[in-house]
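See structure below.
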Amino acid sequence: MSLALRPLSAIRPYTPPAGDPGFGVYVHWPFCAAKCPYCDFNSHVRHEPVDQARYVAAFRRELAEQARRTGGETVTSIFLGGGTPSLMEPATVGAILDEIASLWTVADGAEITLEANPSSVEATRFRGYRAAGVNRVSLGVQALNDRDLRRLGRLHDVSQALGSIGLAREIFPRLSFDLIYARPGQGVADWEGELAQAIGLAADHLSLYQLTIEEGTAFHALHKAGKLKVPDGELSAELYEATQEITRAHGLPAYEISNHAVPGAESRHNLTYWRYGLYAGVGPGAHARLPGPDGTRHAVSNEKHPETWLRMVEDWDAGFVEDVPLEAQEQADELMLMGLRLVEGMDLKRWRDLSGRDLDAETVRELAGHGMVERLGPDRIRATPTGMLVLDAVVADLA
């Protein structure tokens, strides 16, 4: 059945049974109008129109290949990410969603998210995306002042961002938007004011990311040359703590390090990742975790270059460059890395079943003594707010 015929799907969102992380499908649209200087995602600028019909045909072929490998899974979420998926025509989005619905059973109430940039040209497509079946939009706002939007290389201004937020709230049952903080020159008071404005605009979900300097980006080169200064560790921690306090006080507590929601409005798709569920992933640079024929879990990753990926799929039905079975301990490590990002913490029984051992009791006691982790009953552990600030170190110690 076409997903466009399910208008109530986001009003009664699907919730898997307890302990079931769900099964998601990720679709990567790799093209952007411009490359942001902080971005290390697989995104590419093309100065000639993209042949969207040709890409749709390739997505269909790769989706069919991954559907063959996932058997009778029921899709609980679909996420169209990028890149800039809102550069796709609504007919392109509709064709991809209809193909997914033809290959898998899609649960009633499945969450279907599309990432969008808030330029006025792309916002005019929102009604077409909704008609195609999208029931949740994630807007890349990133800042609520024009000076910082220019610094971040964004193509929209605040006026366009506010217009797109308003239009999205009118058209889509669910809305999230992203902001980046710990920006150059940003103090705690600046961020508190901007965050309060964002909460006033938000529907039920905000993604709030600290600016990180990623290798290979324009910001990395500027930072290395001493031409870009970002808040130091102490100020970054103060910004993070202010974020937690303000969002919690306004009814959008953190459920993951960088994600905040009204209880019940968490991103279903991202929870599938963080709860270590299986998911298909198609498109240039996409990743997947698929079941193997021998009961293992396979890590699959695709060719990043769009045109190379396209030719590979046309020739061989798939564009993957890696497809490897994960050993049980590798799965346990991934489960921990993902699960400790969540406020609900990690399922210790599942970790023990995969790794064949318990966590080192002395390490747990030491981390708990320093206020980094806490147990939630005999079979669950989580990082504390203090531990979240140094989560990589916490995971390294536990693993």
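The values are calculated or read from the model by the stated rules, or taken from the named source; none is laboratory data. None of these values were measured; they are calculated from a predicted model. So basically every Cβ, Gly included, is an ideal-geometry build from the backbone, and we count neighbours across all protein chains shown. Note: accessible area is taken over every heavy atom of the protein model, side chains too, but ligands, DNA and RNA are not part of it. Shrake-Rupley method; radii C 1.70, N 1.55, O 1.52, S 1.80 Å.
Highest average first, the peptides 70-80, 373-383 ordered by how many other beta carbon atoms sit within 10 Å of their residues are 70-80, 373-383. Here are several values of Rg and Dmax of the Cα atoms in Å: [x] 20.9, 59; [y] 21.3, 69; [z] 21.6, 86. Which one was derived from the coordinates shown? Computed from the coordinates, Rg and Dmax of the Cα atoms in Å corresponds to [x]. Potential lengthening of the chain between K229 and Q329 amounts to 32.1 nm, from the contour at 0.36 nm per residue minus the alpha-carbon distance.
Counting only cysteine Cβ atoms and a cutoff under 4.7 Å, the chain contains unmatched residues C32.
Ordered by solvent-accessible area of protein heavy atoms (1.4 Å probe), largest first, the residues S258, S102 come out as S102, S258.
Computed 3J(HN,Hα) for the range 160-169, one whole-Hz value per residue from the Karplus formula 6.51 cos²θ - 1.76 cosθ + 1.60 where θ = phi - 60°, is 5, 4, 5, x, 5, 4, x, 5, 4, 5, glycine and proline marked x.
Relative contact order for the range 235-372: 17 percent, from Cα pairs under 8 Å spaced at least 6 residues apart, divided by residue count. For the range 228-241, the Karplus equation 6.51 cos²θ - 1.76 cosθ + 1.60, evaluated at θ = phi - 60°, returns couplings of 9, 10, 10, x, 6, x, 5, 5, 4, 5, 5, 5, 5, 5 Hz by residue, with Gly and Pro reported as x.
Summed over qualifying helices (DSSP H, 4 residues or more, each -39500 (n - 2.57)) and divided by its residue number, the chain shows a 222 nm mean residue ellipticity of -12000 deg cm²/dmol. For the chain, calculate the relative contact order in percent as a whole number, restricting contacts to Cα pairs under 8 Å that are 6 or more residues apart. Relative contact order, the chain: 16 percent.
Note on D379 and D190: the model spin-label points, each 7 Å out from Cα along the C-beta direction, lie 4.8 nm apart. Gain on full extension, evaluated as 0.36 nm per residue between F41 and Y209 minus their Cα-Cα distance, stands at 59.0 nm. Whole-Hz Karplus values for the range 141-149 come out as 6, 6, 7, 10, 9, 5, 4, 6, 4 Hz, taken residue by residue from phi with 6.51 cos²θ - 1.76 cosθ + 1.60 and θ = phi - 60°; glycine and proline positions read x.
Assuming R0 = 22 Å, can you tell me the calculated FRET efficiency for the pair I199 and V390, based on Cβ-Cβ distance, to the nearest 0.05? So the FRET efficiency works out to roughly 0.25.
Among the trypsin sites (Lys or Arg not before Pro) in the range 209-254, those located in a DSSP loop and surrounded by at most 14 other Cβ atoms within 10 Å of their own Cβ are K227, K229.
Label-to-label distance for A242 and T363 is 3.6 nm, based on points extended 7 Å past Cα in the beta-carbon direction.
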